[in-house]
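The values are calculated or read from the model by the stated rules, or taken from the named source; none is laboratory data. Source: prediction; values computed, not measured. Positions of Cβ are generated from backbone atoms using ideal geometry, with glycine treated the same way; all protein chains shown enter the neighbour counts. The protein model used for the area step is the full one, side chains on, heavy atoms only, and it has no ligands, DNA or RNA in it. Shrake-Rupley method; radii C 1.70, N 1.55, O 1.52, S 1.80 Å.
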Amino acid sequence: MADEKLTQAEAQGVRYATELEGHLRWLDSFSAAALGVLAVASGIYTYLGVTSLLDNNGALSFVAAVSYSIAVSVGIFVFWSYLMRLLPAVRTVGSRLGLFVSMLFGSAAIIAMSSWLNAAALAGAAAVEQHLAQTVQDYQMSLEQANEIAVSAQGLERDVSRVRQSFEDLSEQEATGELSGLAGRGAVFRVLRQKSQELSGLQAQITSQQPLVSAAFAEGNQILSRMRVLTVEPGPIEVRSVEFSEEAVRLSGVITQLRQLSVAPLVSRAAEDLSASVVLPELDGRTEENRAGQQSTIQSVLQVLGQRAETLRRAAESVIAMPAPNEIMYTPISTADAVIRYAGNFAPSWAGAIAIDLLPAVLVFILAITHAAIRSGKARVGVEDTMTIAELRAALNAVTDMEDALRRAQPVSSPEMPPETDGDKPGQDQEKPQNA
């Protein structure tokens, strides 16, 4: 019973292997054509990707692009044809591992020479538009930061006005005699007026910058609006990129202008000079006591002046310490470079570009598994048990042909002579019969 079951299993394995071999013969009839179509399609997209990298559109560039795309198509077809034939046929682990490693290296080479160009052809224009949109966002952030610094610096005008007003109030008190006790416009009054006028000039300068800041920010927003339109506007991306570059240069100038319109450094320097550069007038008190009172009041004024200057300087330094806008410079980019830089945003295009080149790898694995199944089905039977009627007929015909060839090649021997008798021997006289 055990032998009978083993025979049935062997017969089932042979039928299973034969069925798979029939399927493979049918699939082999069009596998090469299908592989050729995939290779040609990859070559076409490679050609489109190469043309996007070439600056010159002359005949030489055309020939170069066509040659490269043909080389890619031939390379892909030959590479996968080798693997589809050899990898399923080898049986040792070392051979399979070696061919598998070769397939990995070859796939990496195909991606390097073809897939990224295919992705550039599929999503190159969209990737460049993504680059333009990202650049617009960077410019917008830089413009807003520059405007924020300029507006914050304009806010120092209130601090300057407050300090100026405090010195004017003190000067009015000195004029009425409420500060030093000596009414009039003496030495103390002149010191206070001196600093009040300095701060008044600084305040006027800050106020004059306000319209310039508003105009620069409005112009920057207009340029940004035009750049956004160029990002999504229909038409060739190359033409739009050139116009976008021109607008980017204009916007960089506006951002630089906004940075220069910040009055924070000016206020900081004015605050340092406020207490350091004081022209002390000659004391004009009639008596020594009056002059001593003026000197004491001036010292108090200088002390207050130093405090106000320090407060103003700190306010200006806080504006100066704000993060400066980033230096943005638009750099034109090709479609292939854009696809690589923004690969995460175009995963479907990358998947399609790689799949068209590496899809035959799936066929290689399918063939390897099928051939392994065929060998497994025939492993426990001999060759004579797996021969079909056609194969047996061909084998018999081959044997017959071999026998005929051997028969024709055998040399022909001469016929045998009859044995000689004693009377036939030469040199012997034959006895004649005697008459009685």
Looking only at residues in region 220-271 that are of a type in the set (Val, Ile, Thr) and crowded, with 16+ Cβ neighbours inside 10 Å, which one is farthest from residue 337 (Cα to Cα)?
-> 267
Say we look at region 39-98 and pick out the residues that are in a loop (DSSP other than H, G, I, E, B) and small (Gly, Ala, Ser); which of these is farthest from residue 373 (Cα to Cα)?
-> 58
How many of the residues in region 334-357 are surrounded by fewer than 18 Cβ atoms within 10 Å (Cβ to Cβ) and either closer than 25 Å to residue 106 by Cβ or in contact with a Cys (Cβ under 9 Å, 6 or more places away or on another chain) (or both)?
-> 7
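Let's see how each residue does on (1) among the small types (Gly, Ala, Ser); (2) more than 30 Å from residue 349 (Cα to Cα):
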| site | (1), (2) |
| --- | --- |
| 75 | yes, no |
| 83 | no, no |
| 90 | no, yes |
| 93 | no, yes |
| 98 | yes, yes |
| 105 | no, no |
| 111 | no, no |
| 115 | yes, no |
Evaluate the following for residue 69: is it open to solvent by less than 30 Å² (accessible area, probe 1.4 Å) and hydroxyl-bearing (Ser, Thr, Tyr)?
-> yes
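Okay, residues lined up against (1) modelled with pLDDT under 75; (2) part of a loop (DSSP other than H, G, I, E, B):
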{"site": "345", "(1), (2)": "no, no"}
{"site": "367", "(1), (2)": "no, no"}
{"site": "379", "(1), (2)": "yes, yes"}
{"site": "390", "(1), (2)": "yes, no"}
{"site": "397", "(1), (2)": "no, no"}
{"site": "408", "(1), (2)": "no, no"}
{"site": "412", "(1), (2)": "yes, yes"}
{"site": "428", "(1), (2)": "yes, yes"}
Listed by first then second residue, the pairs whose first member lies in region 206-221 and is in contact (Cβ under 8 Å) with a residue 60 or more places away in the chain, whose partner is in a helix (DSSP H, G or I) and aromatic (Phe, Trp, Tyr), with beta carbons under 9 Å and at least 6 positions apart or on separate chains, are 220/139
Return the pairs, sorted by first residue and then second, in which the second residue is β-branched (Val, Ile, Thr), the first residue lies in region 20-43 and is closer than 19 Å to residue 358 by Cα, the beta carbons are less than 7 Å apart, and the residues are 6+ apart or on different chains.
-> 38/356; 39/76; 41/356; 42/72; 42/76; 42/356; 43/70; 43/72
Filter region 272-299 for residues that are among the small types (Gly, Ala, Ser) and either over 19 Å from residue 169 (Cα atoms) or surrounded by 14 or more Cβ atoms within 10 Å (Cβ to Cβ) (or both); which is modelled with the lowest pLDDT?
-> 285
Within region 46-60, is even one residue within 16 Å of residue 81 (Cα to Cα) and of a type in the set (D, E, K, R)?
-> no
Residue that is among the hydroxyl-bearing types (Ser, Thr, Tyr) and touching a residue at least 12 places away in the same chain (Cβ under 8 Å), where the choices are 67, 73, 61 = 73
Residues of region 136-153 being out of contact with any Leu (no Cβ under 8 Å at 6 or more places or on another chain), polar (S, T, N, Q), surrounded by fewer than 21 Cβ atoms within 10 Å (Cβ to Cβ) and touching a residue at least 60 places away in the same chain (Cβ under 8 Å), which ones?
-> 145, 152
Restricting the search to region 72-130, which residues are open to solvent by less than 30 Å² (accessible area, probe 1.4 Å), at pLDDT below 90 and of a type outside the set (A, V, I, L, M)?
-> 88, 114, 115, 118, 124
Going by the structure shown, is residue 317 in a loop (DSSP other than H, G, I, E, B) and open to solvent by 30 Å² or more (accessible area, probe 1.4 Å)?
-> no
Within region 23-40, how many residues are modelled with pLDDT under 90 and open to solvent by less than 30 Å² (accessible area, probe 1.4 Å)?
-> 1
Any residue in region 78-91 that's touching a residue at least 40 places away in the same chain (Cβ under 8 Å) and over 15 Å from residue 107 (Cβ atoms): show its pairings with residues that are open to solvent by 40 Å² or more (accessible area, probe 1.4 Å) and in a helix (DSSP H, G or I) at Cβ separation under 8 Å, as long as the two are six or more apart or on different chains.
-> 88/371; 88/372; 89/371; 91/375
